[in-house]
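Read-outs: derived from the displayed coordinates by stated rules, not from any lab. These numbers come from a predicted model, not from an experiment. All Cβ positions, even for glycine, are placed from backbone atoms using ideal geometry, and neighbour counts span all protein chains on display.
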Amino acid sequence: MLKSLSKKKNPETTSRSTIFNPLRQGSRSCLGMDIGQFETKLVWVKKTPSGFQAASAKMLSFPPEELVDASETENLAEERRGLSVRNPFRAQLKADHDKDNLWNLEEVPKLVQRLACSLSPQIAASDVAVNLSMAACDIRGICLPDSERITDSAIQQAIQEATGDSSPSSYALLPNPKADSTKQRTFCIPSEATLLIASALETNKLSPWKIDGLPWCKLRLLKMMNDLPKNHFLPILDWSFGNPTLTLIAENKIKYVRHLNVGGMQAVLAGAERGFGMDLPQAVRWLELCFESEFDADPCALEMRHWAIQCCQQIVAEIEVAMDFVRWQFRDTEISRLMVVGGGGALPGLCRALQSELAIKVEPWSLKLADLELTSEFAVATSLALSGVGNDRR
Amino acid sequence: MIEDEVNLLPARLLERLEKQRLFRGWLRFFGASLFVAICIIIFANMQSSKSNGQILALQKETARPKELIAENRRLRSQLIREKDHLEKVNSLSTQHSPLVLMSLICSAKSEVGGQLELKHFLQLSNENPEDPIEGSVNLTMITSNAANSAKIVKVFEDSGYFKEVKLKGALEKTQAMHDDLRFTLFCRY
């Protein structure tokens, strides 16, 4: 059924292969832009025939005060706790203010403008590959009509029915948990959001090239490592401000994607905000420090550790459910380690806390690229940047 | 079939962006080509003007013997002209030289038996530009009597040297007690 869909012409591939571009050859550079809920990570890579020549990484915080009203931030954590994953972009389309999330469509042009201002001319001239926070994306199961050929409009319609939103979406197909299922899992973003980002980039004299999806960014990271034995599944956890996303990869394929309902650091940080009267950056700093031995006797640190461990336990519970499902679905599989990307992986104390709760080895992602030590918060941005300079660039 | 790579930019936008990128690529390519072409033209122009200068210098160098030959020819003809002129002048000056006059005077003196004394001699050059060889001689002489003066005039006339020989003014006595006569002979040649 999906075979016929794959035959659909990809305009990008068509235009690149049929039209000769005289300047496509030679050195290439790409800016990976990972727009997160709390921070935006940028990694720039330039590749020449002799290898990677230059790379730079930068993190820009996106203060929530600029995104929502100050009066809303007080009750934000309380409201977040009881709510399931919601798409802020869709929420924005429906209502003027999205109280559930820090995301706001109207702020995207401002964010891109700020990012563009911070870039050097050489970096700004590169192609830009963007990944949006999972808060902006949806993973949906859709019911496809029982037909020989599945068209784009049929999928669009199914997504619109599933989301209850009549606006078009940019989507990509995800593997089904059950092979014989009539349902198809999709990864989708409202087209309005992708258009808005692309036009904001263009307005600020940047060249939008790609809007990627988090599971594919993780797949690329694993392909770069290329050290996974056969029948081994590698769960990659994107652990940052929002709720984590778990992607299981085997044999260079995405096998399973699950956006967790709990475990985002925002829940831990919300405790610090509410309990200690800290603002968000202070709470992040405190989360980094509370696991240090010098704060062992500090009641605030102990309280923070308690929230963090609770968060880890919630994540571990969800990871174990996902791993059990994968073990049941794919026989003779081995899962021996968990790779952590995102801001959570850059906090050693938090990783230790997660390791103490989990049976398999926890490995924060890191990479040395052209004399630049990249830590786990830059993993997705690095993957995006490398996708723009890779030999298999399409 | 699940793709290994995805691009969630809408297809139309992607197509437009790719076209823009291609356009920019070609624009840069043509810009660079134009720049290279302009550089080549400027360089070629510089080289051409340089070689033109060299050719001109070579031509000048080649043309120099011709100029020299022409100059030589011009000088030669001038020399010939000058030589002719000089010859003419020489012949004239030989014809009307004071020595000739002196020999005539000597002849006249012997004709009158030595009774002749030259008091004044004045040779005038030509004043008429249309006749370059025209000239005149005024000779003031003293002789013993009038018959001698007539003989002297005859000697000058018979010489064929002058176009015209005539007495200028009347014969006059030099002193009351002597018969010596002073007269001026005007000869035109």
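For this structure, a couple of remarks:
- In this structure, the amide hydrogen of B:G135, modeled 1.01 Å from its nitrogen in the peptide plane, lies closer than 5 angstrom to those of B:Y189, counting only residues at least 5 positions away or on a different chain.
- Note on the range A:277-331: dipole from Cβ charges, positive end direction compared against A:V326, A:H306, A:P281; the farthest Cα belongs to A:V326.
- Derived scalar couplings ³J(HN,Hα) [the range A:290-304; Karplus, 6.51 cos²θ - 1.76 cosθ + 1.60; whole Hz; x for Gly, Pro]: 5, 8, 5, 5, 5, 9, 4, 9, 7, x, 5, 5, 5, 5, 5
- Farthest positive-ward along chain B dipole, Cα basis, beta-carbon charges - from B:A176, B:S103, B:G31: B:G31
- The phi torsions of the range B:163-172, fed into the Karplus equation with coefficients 6.51, -1.76 and 1.60 and a -60° offset, translate into couplings of 6, 9, 10, 8, 7, 9, x, 8, 6, 9 Hz, rounded to whole numbers, with Gly and Pro shown as x.
- For the range B:50-189, the convex hull drawn through the C-alpha positions has a volume of 138 cubic angstrom per residue.
- Along the range A:192-200 the Karplus relation, 6.51 cos²θ - 1.76 cosθ + 1.60 evaluated at θ = phi - 60°, assigns HN-Hα couplings of 4, 5, 5, 5, 5, 5, 4, 5, 5 Hz to successive residues, with x for each Gly and Pro.
- Under the convention that each Lys and Arg Cβ holds +1 and each Asp and Glu Cβ holds -1, the size of the dipole of the range A:167-248 around its Cα centre is about 220 debye.
- Packing-based ranking, highest mean first, of A:268-275, B:64-71 given that Cβ atoms within 10 Å are counted: A:268-275, B:64-71
- Mean Cβ neighbour count within 10 Å, used as a protection proxy, ranking B:100-110, A:163-173 highest first: A:163-173, B:100-110
- For the range A:316-394 and the range B:39-84, distance of Cα centres in Å: 86
- Computed E for A:R352/A:N252 - FRET, C-beta separation, R0 35 angstrom, nearest 0.05: 0.70
- Projected label points at B:E157 and A:F325, each 7 Å from Cα along the beta carbon direction, are separated by 16.4 nanometres.
- Between B:C106 and A:D152, the distance separating the two model label sites (each 7 Å from Cα on the Cα→Cβ line) works out to 13.7 nm.
- Legend: distances between Cα atoms for B:K88/B:K119; A:K253/B:K19; A:K46/A:K210; pairs beyond 26 Å are B:K88/B:K119; A:K253/B:K19.
- Averaged over the residues of peptide A:184-196, the number of Cβ atoms from other protein chains lying within 10 Å of each residue's Cβ is 2.
- Per-residue shielding of A:207-219, expressed as the average number of other chain Cβ atoms within 10 Å of the residue Cβ, stands at 4.
- Averaged over peptide A:164-176, the number of partner chain Cβ atoms lying within 10 Å of each residue's Cβ comes to 2.
- Annotation: peptides A:236-245, B:168-177, ranked by per-residue average of other Cβ atoms within 10 Å with the highest first, follow the order A:236-245, B:168-177.
- The modelled label-to-label distance between B:D180 and B:I80, using points 7 Å beyond Cα along the C-beta direction, is 5.7 nm.
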